[in-house]
Structure formats: structure tokens, C-alpha cells
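*Asks:* Can you keep this structure in mind? I'll have questions shortly.
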Amino acid sequence: MRGFGWSLILLLWPLWVGAGELHWRGQWTQGGLIVGQAPPGTRLELDGQAVPVSPEGAFVFGFHRDAPPMARLRAVFPDGSRDERQLTISPRQYNIQRLDGLPSSKVTPPPAVLARIRRENTQVAAVRREEIPRAYFLSGFAWPVTGRISGVYGSQRILNGEPRQPHYGVDIARPVGTPVRAPADGIVTLAEPDLYYSGATLIIDHGYQLSSTLMHLDRIDVRVGQPVRKGDVVATVGKSGRVTGPHLDWRMNWREARIDPALIVPPMPR
Ligand SMILES: [Zn+2]
């Protein structure tokens, strides 16, 4: 049974690397995502924090934009043997833009909407924390739309000397109404028509606290609780929320870590 499972996995994941009993693919870099396979029953820890392993032995974890240069991975296998290693997380260079002399109304949202923003942030964070113990992420990932990349992960603006939150998504410019596809298998955990910043917003949970957020949509075609397959049309591109033009902003989270979606899909087709 286990032999069959492995040959299936090797077929689906030609890029597995690793040593001993742990295998993975992905990039050990800031914003990187690691998808791996361990013997079922393995207990895994990343920097002292438990990382769940699915009954089939699949696991996922990722690194934040500003993750420190070293991560410690520890595995205790079902037979009691251990594997402990230090892994280098390569740093990245982000695009930082300074803009000075702006009127303060452009920098700070009006006080009337601050309470709303706070409420929505709490709602989104709670949804991303949900634990759905299904390894949907094994479907692999694909671009939800293809087109010109108009914004990249990690970039940051410093307005009047005040650093703003970095841009954690990848922006793809396409006209309103362009179909948006599920980037991987998953289950819809949020479908909100009108959030202050992100407008019509969809969250698809790919299992084990990995999720995609699709923002600034025009139309949402799925509802909360609905399972989706990679490639299903789930929404259309829009310009809802605080944007200057139509585009899709695709974000990924593993727990609190913001993942760079561009690292886990093939290069954008021309
Ligand atoms: Zn964006």
C-alpha cells in the first residue's frame, strides 16, 4: 500500500528533493512555500512549532517576507528515529519606493472607516486561521489569471517617511469580467462582496492553514463551504475596493506567513 502511494507521489511531483525520509519541493527563501512528504505518523516541528502531517504524510509550511536567515526543521519518525537540520532561508531584495510631501489625507484613511477596517481585518484573520485538515494543496498551483504583472510581492512604499504595509500579493492586470480560476484545490472559506480595501474578496483554503486570497473582484461565483478544484472558474476580475484600475491581487498565507504566489507557479506565460 505504502509503495503504491510513493510511486503515485513521485509521478505527480517530479521535483521532490530531500534526504532520508523527508522529501519536499519549493524554495527555502523569504516568501517561499515548502510542500513535502514524510512517512505517515511523523511528527514535524519548524522552529519549535508543530507542523501537522496529514494521515498520508503530506505537509506544508512557508516563510514570511522578512523571515530570518535560518530555519530549524525537526522530524520524529514513527520508529522513534529523528532528523534535525538547519536550513538556510535566502534573503530577497524588495522594491522600496519613497514618496514625500503628500497631503496627509492621502496617507491615512478617514477616521470614520478605521473601525470598519479593523472589523474586516479581524474577520479575514479568523478565516485564515481555520484548520482544515485536508491536503488540497497536493493538487499543485496554477495562475488564477494570466496577463501583465503590474505589482509584485514584497514591494513597499514609504509615504512622508512612514513605511506602509508591504504589498503581499501579485497583481495581474486584466479587464473587468475576465474569469478568475481557483489556483489549487480547496474549499471556499470567505466570499465577501465589499471589503474596504480589497473590495469583493474570496478566500480559498488549500488545507493545513494554507490559503489563497483573491481581491478586487467584480463577481464571485462560489459560496462559503463550497469545494473547488484547481482551474474552476470562481470569480471575475474587477476593480472593487481601493484600486486605481482593474486587476486581480492574489495573496497566499501559511498561518501568519505571507507567501509569494509567484514562487509556486510556472513563469507567467507571454
Ligand atoms: Zn495588489
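The values are calculated or read from the model by the stated rules, or taken from the named source; none is laboratory data. What you see is a predicted model, and the numbers here were worked out from it, not measured in a lab. Virtual Cβ from ideal backbone geometry, glycine too; neighbours counted across all protein chains shown. The accessibility values were calculated without ligands, DNA or RNA, using every heavy atom of the protein model including side chains. Shrake-Rupley method; radii C 1.70, N 1.55, O 1.52, S 1.80 Å.
*Asks:* To the nearest whole percent, what portion of all C-alpha pairs in the chain is separated by more than 35 angstrom?
*Replies:* Counting pairs separated by more than 35 Å, the tail of P(r) holds 19 percent.
*Asks:* May I pose another question? Specify whether the C-alpha gyration tensor of the range 167-270 places it in the rounded, prolate or oblate class, a ≥ b ≥ c being the square roots of the eigenvalues: rounded for a/c under 1.5, otherwise prolate if a/b is larger than b/c and oblate if not.
*Replies:* rounded
*Asks:* With the cut-off at 25 Å, report for the range 60-193 the share of all Cα pairs above it, as a whole percent.
*Replies:* In whole percent, the long-distance tail amounts to 53.
*Asks:* Could you work out what % of the accessible surface of the chain is carbon and sulfur, using a 1.4 angstrom probe and leaving DNA, RNA and ligands out of the count?
*Replies:* Whole-percent figure for carbon plus sulfur exposure: 54.
*Asks:* Hey, any idea what the orientation-averaged projected area of the convex hull of the range 158-206's Cα atoms comes to, in nm²?
*Replies:* Projected over every direction and averaged, the Cα hull of the range 158-206 covers 5.0 nm².
*Asks:* How far apart, in nm, are the 7 Å Cα→Cβ label points at residue 130 and residue 113?
*Replies:* 2.6 nm
*Asks:* Students often check this: by mean Cβ neighbours within 10 Å, which of 230-240, 209-219, 141-151 ranks highest, and how do the rest follow?
*Replies:* The most tightly packed comes first, giving 209-219, 230-240, 141-151.
*Asks:* Using a 1.4 angstrom probe on the protein heavy atoms only, could you order 243, 265, 176 from most to least accessible area?
*Replies:* Result, largest first: 176, 243, 265.
*Asks:* By its C-alpha gyration tensor, with a ≥ b ≥ c as the square roots of the eigenvalues, how is the range 82-151 shaped: rounded for a/c under 1.5, else prolate for a/b larger than b/c, else oblate?
*Replies:* It is prolate, given that a/c is not under 1.5 and a/b is the larger ratio.
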